[in-house]
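A short worksheet on the structure shown next.
The values are calculated or read from the model by the stated rules, or taken from the named source; none is laboratory data. Given the structure is predicted, the values throughout are model-derived calculations rather than measurements. As a convention, Cβ positions derive from the backbone with ideal geometry for all residues, glycine included, and neighbour counts pool all protein chains shown.
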There are 2 protein chains.
Amino acid sequence: MQHQKLATIEDVAAIAGVSIATVSRAINEPTKVADETRRRVSEAIARTGYTTNAMARSLRMRRSKMILILAPDVGDPNFSNILVGLETEASKRGYGVLIGNTQNDAARETDYLRFISSNQADGLILFTGHLPYGFGSDGGESRLPPMVAVNEPVSDSDVPFVGVDNFEGARIAAEHLISQGHRRIAFIGHSRSRAVNQLREQGYRAALQGAGIVVDPRLILDGDGTTESGRQATEHMFVRDVLPTAFFCVNDATALGVIISLNARRYDLPREFSVMGFDDISFASFVSPSLTTMKQPRLKIGEEAMDLLLARLEGEPLRRKEVLLRAELIVRNSVGRPRRD
Amino acid sequence: MQHQKLATIEDVAAIAGVSIATVSRAINEPTKVADETRRRVSEAIARTGYTTNAMARSLRMRRSKMILILAPDVGDPNFSNILVGLETEASKRGYGVLIGNTQNDAARETDYLRFISSNQADGLILFTGHLPYGFGSDGGESRLPPMVAVNEPVSDSDVPFVGVDNFEGARIAAEHLISQGHRRIAFIGHSRSRAVNQLREQGYRAALQGAGIVVDPRLILDGDGTTESGRQATEHMFVRDVLPTAFFCVNDATALGVIISLNARRYDLPREFSVMGFDDISFASFVSPSLTTMKQPRLKIGEEAMDLLLARLEGEPLRRKEVLLRAELIVRNSVGRPRRD
DNA sequence: ACGATCCATGAAAACCTTTACATCGGTCGA
DNA sequence: TCGACCGATGTAAAGGTTTTCATGGATCGT
């Protein structure tokens, strides 16, 4: 009962009174077939409800028109919005999108490559920040398909990356704080290892320097980008009693930690302290006070990444190795003018 | 340069010194081939790095081992968590997962069916709440593949549904409020058309009835489940000056509206009013006060739905037409004991 | 010792396209 | 008028599997 046998190209050919080759051409290269013939074929297709069998086509053409998306956590809120962009662009160009949730598990990552090596996918979008395990190193033979990284660049490789311009975004954010009158601005989220954190810190420094403010190293605090790290950094600050008027956080999760900490200490935000985030994740508008932050153009990132990948797949030479999109300042209620003291 | 020609089953056969039929059997039905032969084949496979070409296999087998997921909005936070479950279970059973973002656009929906009619997907998961446009009604011939609905049942159809037990969950939620001492409990989100709202309202009514509380119709307010509707209902309540001690909201989005409205009126929550949500969407823990709510077992819903679908695909008769999973009470800070007045 | 049975394997068909090459009638140019 | 070319179409191969059916040798029971 599964499928009542579907119409094939032969059925269409028989009805239209032509050969299967002509049917194929009528579909794929309409100019190469006479008007009258094309008409008859169209009619036959309509009558049979024919759809070309994608498997047969892929087998013959050696391309599946499918893109595999490898992500460590599909549940990540950051993921879904980029996914919409990826999917939209792919669909627009006749490609399908396959999801691979790796959970940072090497075995699962390797497993997903079966889609590549079995010709089920033509290209790869990487959210993982590294080349898939089990390729290159492992088999050795199986070559990697065209790839584009998103969310996190792939270190030590020439995989093109599409993402937000962290340096510029951070600079804009910090400039916004400065424009509100802040001069003692903390940076929460210093990191030796995370490239994203470093870029954002550089943007912060550039903004301060541009305004003639000298950076106070006691206002630069470590953080790994988690909510907990934001909380800890804030507590640390109060213990040392070197206080800023504004907190520039490496991301929204960190900012949340800062806000929680400040709220717990019964400070009135943003009157007593300003907090600025980065990312504009979904809860940013729900915290109290709602978070002023830099919005990542996630939809656009997805579209751009897919566009880049498909262009490569269709033979265009690689345009750019890195596409950086501008983050947008979203003004909400967590930033105000510093009070005079 | 695309793919340096991959090893085929023939290459393996040649190296192992057997026919391709034997190689195929060695892979798919190992018991049917002699130990020694199997060993030789395995070795040849290892040496060539052979992977079976999924396209050829699908073509021959007439099944792709792919599941298409049709969702109106892939960016919806509700979506991604269910997706993880779907994906996990599918992957465990050797299936792949294809994403179709329809944006409630009939044309896109129809478009995605090409994956079905071209044999690129064997089954369908529906987030949309209705049968895909352009099938059944339209072509007439093309039959629908096995399907399972999730998130929203498909009305007027026999598509099996996997979801949360709304009635039972709402009853538990309302009972929690009652156990805290509330007796004047409002229900925000009455709806003539939405099945989910109705079930939750019934659960609410059942709990009140069970506790011998008579439902005050003035405390039942309309709402379509949006944040704005929650805000409006609350304002409406204050205008009419018939006040509850607790608000039971049809979902978290509505609860957020209620909280915003109460916060704006400078009430101290949960001392003066309690608010209960339903769903446990991601921001629920970030609002202030953090929201006490019923958690949908989203991961489990995804797994269960995929399991049901794959079972059908593999020929098992349909087990159940509806699978309802229990929601879990998550106690946070938006519910307290009513103050005495 | 011989027919029946069984097990391991091989040959070939089928799955449905796309496309290189061949064919055929007609048109154009000289 | 004839050869060259052209445009429309058909023939057949190729793409890589799975699976039915056939084959041949070994084993078993009597």
Worksheet item: Does B:ILE213 meet the test of being touching a Leu at 6+ places or on another chain (Cβ under 8 Å) and aliphatic (A, V, I, L, M)?
Response: no
Discussion item. I'm trying to understand the selection: among the residues of the stretch B:44-94, which are among the aromatic types (Phe, Trp, Tyr) and either on the phi > 0 side of the Ramachandran plot or over 18 Å from the mean Cα position of the chain (by Cα) (or both)?
Written reply: B:TYR50
Worksheet, complete the sentence: Every listed condition ((1) modelled with pLDDT under 95; (2) under 21 Å from B:MET61 (Cα atoms); (3) within 10 Å of DNA strand D (Cβ to nearest atom)) holds for B:PRO30 save (3)
Practice prompt. Among the candidates A:VAL258, A:VAL239, single out the residue that is touching a Lys or Arg at 6+ places or on another chain (Cβ under 8 Å) and assigned to a helix (DSSP H, G or I).
Written response: A:VAL258
Fill in: Filtered residues of the stretch B:101-117 (kept if at the interface with chain A (Cβ under 9 Å from one of its Cβ atoms) and touching a Lys or Arg at 6+ places or on another chain (Cβ under 8 Å))
B:ASN101
Worksheet item: If you scan the stretch B:54-81, which residues turn out to be out of contact with any Ser or Thr (no Cβ under 9 Å at 6 or more places or on another chain) and within 25 Å of B:ALA107 (Cα to Cα)?
Response: B:ILE67, B:LEU68, B:ILE69, B:ASN78
Discussion item. So, B:ALA21, is that one within 15 Å of DNA strand D (Cβ to nearest atom), hydrophobic (A, V, I, L, M, F, W, C), surrounded by fewer than 22 Cβ atoms within 10 Å (Cβ to Cβ) and more than 11 Å from chain A (Cβ to nearest Cβ) or not?
Written reply: yes
Worksheet item: Within the stretch B:33-80, can you find the residues that are under 14 Å from B:THR22 (Cα atoms) and free of Cβ contacts under 8 Å to residues at least 24 places away in the same chain?
Response: B:VAL33, B:ALA34, B:ASP35, B:GLU36, B:THR37, B:ARG38, B:ARG39, B:SER42
Discussion item. If a residue must be farther than 19 Å from A:GLN198 by Cβ and in contact with a strand residue (DSSP E or B) (Cβ under 9 Å, 6 or more places away or on another chain), how many such residues does the stretch A:219-241 contain?
Written reply: 4
Discussion item. Looking at the stretch B:3-27, I want the residues that are on the phi < 0 side of the Ramachandran plot and have a partner that is assigned to a loop (DSSP other than H, G, I, E, B) and within 8 Å of DNA strand D (Cβ to nearest atom) with Cβ atoms under 6 Å, at least 6 apart or on another chain. Which pairs are those?
Written reply: B:ALA7/B:TYR50; B:VAL12/B:TYR50; B:ALA13/B:SER19
Practice prompt. Select from the stretch A:317-333 the residues that are at pLDDT 90 or above and of a type in the set (A, V, I, L, M, F, W, C) and list them in ascending order.
Written response: A:VAL323, A:LEU324, A:LEU325, A:ALA327, A:LEU329, A:ILE330, A:VAL331
Practice prompt. Looking only at the stretch B:93-102, decide whether some residue is buried (at least 21 other Cβ atoms within 10 Å of the Cβ) and in contact (Cβ under 8 Å) with a residue 60 or more places away in the chain.
Written response: yes
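Per-residue answers, yes or no, for (1) over 23 Å from B:LYS65 (Cβ atoms); (2) acidic (Asp, Glu); (3) outside the structural domain of B:GLY230 (by TED's automatic domain parsing):
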{"residue": "B:SER282", "(1), (2), (3)": "yes, no, no"}
{"residue": "B:PRO289", "(1), (2), (3)": "yes, no, no"}
{"residue": "B:GLY302", "(1), (2), (3)": "no, no, yes"}
{"residue": "B:MET306", "(1), (2), (3)": "no, no, yes"}
{"residue": "B:LEU313", "(1), (2), (3)": "no, no, yes"}
{"residue": "B:LEU318", "(1), (2), (3)": "no, no, yes"}
{"residue": "B:GLU322", "(1), (2), (3)": "yes, yes, yes"}
{"residue": "B:ARG326", "(1), (2), (3)": "yes, no, yes"}
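For the stretch B:142-149, check the following and say yes or no: at least one residue is at positive phi, basic (Lys, Arg) and facing another protein chain (nearest Cβ under 9 Å).
Looking through the stretch B:142-149, none of the residues is at positive phi, basic (Lys, Arg) and facing another protein chain (nearest Cβ under 9 Å).
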Discussion item. Take the conditions hydroxyl-bearing (Ser, Thr, Tyr) and in contact with a Pro (Cβ under 6 Å, 6 or more places away or on another chain) and apply them to A:THR245. Does it pass?
Written reply: yes
Worksheet item: If you go through the stretch B:52-72 one residue at a time, do you hit one that is more than 16 Å from DNA strand C (Cβ to nearest atom), away from chain A (no Cβ under 11 Å) and not aliphatic (A, V, I, L, M)?
Response: yes
Worksheet item: How many residues does the stretch A:23-51 contain that are over 19 Å from B:GLN120 (Cβ atoms), in contact with a helix residue (DSSP H, G or I) (Cβ under 8 Å, 6 or more places away or on another chain) and within 8 Å of DNA strand C (Cβ to nearest atom)?
Response: 2
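Matching residues to (1) buried (at least 24 other Cβ atoms within 10 Å of the Cβ); (2) aromatic (Phe, Trp, Tyr); (3) closer than 29 Å to A:PHE79 by Cα:
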residue: A:ASP241; (1), (2), (3): no, no, no
residue: A:THR245; (1), (2), (3): no, no, no
residue: A:ASP268; (1), (2), (3): no, no, no
residue: A:ARG271; (1), (2), (3): no, no, no
residue: A:MET276; (1), (2), (3): yes, no, yes
residue: A:ASP279; (1), (2), (3): yes, no, yes
residue: A:PHE283; (1), (2), (3): no, yes, yes
residue: A:PHE286; (1), (2), (3): no, yes, yes
residue: A:LEU291; (1), (2), (3): yes, no, yes
Discussion item. Can you tell me which condition A:PRO72 does not meet? The list is (1) away from DNA strand D (no atom under 13 Å from the Cβ); (2) more than 22 Å from B:GLY100 (Cα to Cα), and all the others hold.
Written reply: (2)
Worksheet item: Within the stretch B:26-42, is even one residue buried (at least 17 other Cβ atoms within 10 Å of the Cβ), in contact with a Lys or Arg (Cβ under 6 Å, 6 or more places away or on another chain), closer than 23 Å to A:ILE116 by Cα and more than 14 Å from chain A (Cβ to nearest Cβ)?
Response: yes
